[in-house]
Amino acid sequence: MRRIYLPLFWKFAISIIIIVAVFGSVNLYLIKVYAGRGIKEETVKRLQFYAEIVATEASLSLSLSDYRHIPDIINSIKQIDSSVAYAMVIPGKNQPVIHNLPDSVTTEMIKANGLKNGSKQLKILRSPEIRDTIILDIAVPIPGLKEGLVRIGLFRASIRSQVWSIIKPLIFMIVIFLIIGIFGALFFSFVITNRVSSIAKITEYFTFQNLKNRNIPVISGTRLLPGFPHIFQVDDELDVLIEKINQMTDRLKKAYADLEKTYARFVQTEKLASIGVLSAGIAHEINNPVAGILNCIHRIKTHPDDTKKNAEYINLIEDAVNKTEKVVGRLLDYSRSPQSTRESLNPGTSIEKALLLVAYRLEKSRISVIKKIPPDIPAILGNRNELEQVFVNLLLNGIDAIDEHALQNFKCDRRITIEVGEKTGSIIIRLTDTGIGMYREQREKIYDPFYTTKDTGKGTGLGLYVVYNIVHSHNGSIYCESQPGEGTTFVLNFDKIGKDTIHHVR
Ligand SMILES: Nc1ncnc2c1ncn2[C@@H]1O[C@H](COP(=O)(O)OP(=O)(O)O)[C@@H](O)[C@H]1O
Ligand SMILES: [Mg+2]
């Protein structure tokens, strides 16, 4: 079905034009028919009346054989009524016809109408003598004169002009109604359309992006006379609707702000949970250097005079402290609340950092990591801390999945493969594990907050929810391919920025 956009103004205008046109033309038609009929009847009567007067007068004159008055009578009738075209007195065969037509009158014209069975006859004829006009012609007998008759012709156009003079004001009225109607349509569409389109416009603002940037304006109603002091305001349904939409916008803004707060809390909760998991690895990593430091201190204490050896011990202590600081610093760095700044960065660097954080868990579960990360991948625009959180989450999930798989099948592959590639305009990161895998129903729920299949204390169900949101806030996308019992691949897609590449740091 094709949809056509027709503004309210045109809808109003077209309906008003149709209504006025239909009513107007029905009225016009009826008036034309009835008024025309009445006027015609009245005209015929008038014509007959004139003819009979002339016939009576002519009868008198002819009986006295006095023809002199007849032209006067004929002319006086024409003078009284301008719609009379001509009058003629035809006394009988071989008698001269008295008329006031031009001299060129033909016998044809004289014979054009006559009596019908000795009484009056009405005919419509065309008179070549008078500009070829259509004439309503009546023939009446002259009383007392056997073959005598009087004919009077009347311009038929006079009937028309009378009808027209009645219809004219009506047409004028219809035109006035049409103009008023169109102005009315304009006025209504102004009063309604303006506000409806501002409502329509506002709905375009309802996007997450605008909610996030607090960028949804308030709709205002339309004042008919802007600038004119308003003593009171006349509201209608549209104003109520506008008010309701404004209230709804407010509620939506508040709800979104709450959602943002809740989301931030989720991110933090999830992070704390993963820090809990990672800190075991950190403790393990600093265990050796701390033991070394204690050992050195013990040696220095027992041989305080051996300055040469002690200098060596102090160097060893310094190395161990540096190493410890680096390891602890890594976790501190990760645990920091993310700033909302974006910078151009190499996704490979974030992956490497995440791998360092989960190194202990990988080692403990005897998982080998295969990295296919080219050093010169184009940069993406992102938040360092958030991207690290993404990769830590995905890696921890992969490790958990492999652990679970190993519980079922001790000989299973224990491998995580990370590939970073480039495809027109985007960077694609694939993270594949040889873990337990997922069924379709499970896969559909993994991004829901609090969805977890892990024991309480082991899983929060917030990991992939946070990952999903971070990826989408980076204009990226994430999807998951999985086979139960075989493994899972998460594919991330980010827009690359320009051609500039940032070599990743190890
Ligand atoms: N790599 C994976 N392999 C198999 N299942 C996974 C994988 N990643 C996530 N899942 C499933 O998705 C669920 C939700 O993951 P997540 O949101 O990170 O929460 P959590 O790890 O706390 O359970 C997990 O409980 C698990 O069932
Ligand atoms: Mg998780």
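Only one residue in Val33, Val89 is in contact (Cβ under 8 Å) with a residue 24 or more places away in the chain and among the hydrophobic types (A, V, I, L, M, F, W, C), so which one is that? On inspection, the qualifying residue turns out to be Val89.
Sub-8 Å Cβ pairs linking a first residue in the stretch 329-355 that is closer than 23 Å to Arg265 by Cβ to a second residue that is of a type in the set (Asp, Glu), at least 6 apart or interchain, are Tyr334/Glu388; Pro338/Glu386; Ala354/Glu388, ordered by first then second residue. Per the listing Phe187, Phe172, the residue uniquely within 30 Å of the chain's Cα centre (by Cα), at pLDDT 80 or above and not assigned by TED's automatic domain parsing to the domain that holds Ile17 is Phe187. Among the residues of the stretch 328-363, just one is over 23 Å from Val466 (Cβ atoms) and in contact with a helix residue (DSSP H, G or I) (Cβ under 8 Å, 6 or more places away or on another chain), namely Val328. Looking at (1) within 6 Å of ligand 1 (Cβ to nearest atom); (2) touching a strand residue (DSSP E or B) at 6+ places or on another chain (Cβ under 7 Å), which is the one condition that is false for Gly461? Gly461 satisfies every listed condition except (2). Could you please let me know if Leu356 is assigned by TED's automatic domain parsing to the domain that holds Ser473 and either at pLDDT 95 or above or within 16 Å of ligand 2 (Cβ to nearest atom) (or both)? So Leu356 fails the test. For the stretch 441-460, state whether one or more residues are modelled with pLDDT under 95 and among the hydrophobic types (A, V, I, L, M, F, W, C). There is at least one residue in the stretch 441-460 that is modelled with pLDDT under 95 and among the hydrophobic types (A, V, I, L, M, F, W, C). Among the residues making up the stretch 328-354, those that are among the aliphatic types (A, V, I, L, M) and either in contact with a Phe, Trp or Tyr (Cβ under 7 Å, 6 or more places away or on another chain) or under 20 Å from Asn287 (Cβ atoms) (or both) are Val328, Leu331, Leu332, Ile351, Ala354.
Being in contact with a strand residue (DSSP E or B) (Cβ under 9 Å, 6 or more places away or on another chain) and of a type in the set (Ser, Thr, Tyr) is a description that applies to Ser344.
Filtered by the rule that a residue be small (Gly, Ala, Ser), away from ligand 2 (no atom under 16 Å from the Cβ) and either out of contact with any Phe, Trp or Tyr (no Cβ under 8 Å at 6 or more places or on another chain) or closer than 30 Å to Gly485 by Cβ (or both), the stretch 359-397 gives Ala359, Ser368, Ala379.
For Thr349, the criteria (1) out of contact with any Leu (no Cβ under 8 Å at 6 or more places or on another chain); (2) outside any helix (DSSP H, G or I); (3) surrounded by 15 or more Cβ atoms within 10 Å (Cβ to Cβ) hold in every case but one, which is (2). Restricting Glu270, Glu318, Glu325 to residues that are among the acidic types (Asp, Glu) and under 29 Å from Asp495 (Cβ atoms) narrows the list to Glu270.
Under the condition of being within 14 Å of ligand 2 (Cβ to nearest atom) and surrounded by fewer than 13 Cβ atoms within 10 Å (Cβ to Cβ), the residues counted in the stretch 457-499 number 2. The set of residues in the stretch 459-502 that are assigned to a strand (DSSP E or B) and free of Cβ contacts under 8 Å to residues at least 60 places away in the same chain comprises Gly459, Ser477, Ile478, Tyr479, Cys480, Glu481, Ser482, Gln483, Thr489.
Taking the criterion of being among the aromatic types (Phe, Trp, Tyr) and surrounded by 13 or more Cβ atoms within 10 Å (Cβ to Cβ), the only residue of the stretch 11-48 that qualifies is Phe12. Taken over the stretch 164-176, the criterion of being closer than 14 Å to Leu28 by Cα and not polar (S, T, N, Q) is satisfied by Trp164, Ile166, Ile167, Lys168, Pro169, Leu170, Ile171, Phe172, Met173, Ile174, Val175. Being within 17 Å of Ile470 (Cα to Cα) and within 16 Å of ligand 2 (Cβ to nearest atom) is a condition met by no residue of the stretch 398-413.
The values are calculated or read from the model by the stated rules, or taken from the named source; none is laboratory data. Since we're looking at a predicted model, the values are computed, not measured. Heads up, the Cβs are rebuilt from the backbone with ideal geometry, glycines too, and the neighbour counts pull from every protein chain shown.
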